[in-house]
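Let me begin by presenting the structure, written as structure tokens, before commenting on it.
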Amino acid sequence: MKTYTQQDWQNDRTFKASIGQQVTEEVYQHFLNDMPPHYWKNGIMQAGEPYSIVNIDGHYFDTYATFTGSKDHRTCQGHMPSLNQIGIVTALKYRIQF
């Protein structure tokens, strides 16, 4: 799968990276620096602004644009529930495509 670039984003006019698709450092830095990250540790970053909500067993959680990896290999994980509220294993089950 092709790496998603800032130019792709401009051409799409909305962010459309796929789950598992690599993104450029420029795209990653945009999400990191646009607002303070909601979650950022152990190679996982969730952008600062919620995208939607998801119901998990009767509890509602905000979802966030989520990226994993290290410099030169950033991967889009879609929108995932807040990792400040639930664990990564549960969050992966409920991730949403952009």
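Some notes on this structure:
- Tabulated pairs, the stretch 41-55, first closer than 16 Å to Tyr94 by Cα, second surrounded by fewer than 17 Cβ atoms within 10 Å (Cβ to Cβ) and aliphatic (A, V, I, L, M), C-beta under 7 angstrom, 6+ apart or interchain: Ser52/Ile96
- Test result for Tyr94, in contact with a Leu (Cβ under 9 Å, 6 or more places away or on another chain) and either crowded, with 21+ Cβ neighbours inside 10 Å or farther than 22 Å from Val27 by Cβ (or both): no
- Filter result for the condition that a residue is aliphatic (A, V, I, L, M), buried (at least 16 other Cβ atoms within 10 Å of the Cβ) and without any contact (Cβ under 8 Å) to a residue 60 or more places away in the chain, over Ala17, Ala65: Ala65
- Number of residues in the stretch 9-53 that are at pLDDT below 95, of a type in the set (S, T, N, Q) and within 11 Å of the chain's Cα centre (by Cα) equals 0.
- Scope the stretch 26-55; condition closer than 13 Å to Phe67 by Cβ, exposed (fewer than 13 other Cβ atoms within 10 Å of the Cβ) and in contact with a strand residue (DSSP E or B) (Cβ under 7 Å, 6 or more places away or on another chain); matching residues: Gly43
- Taken together, the residues in the stretch 82-98 that are in a strand (DSSP E or B) and closer than 18 Å to Met35 by Cβ amount to 0.
The values are calculated or read from the model by the stated rules, or taken from the named source; none is laboratory data. Only a predicted model underlies this, so the values are computations on that prediction, with no experimental measurement involved. FYI the Cβ positions are ideal-geometry reconstructions off the backbone, even for glycines, and counts take in every protein chain you see.
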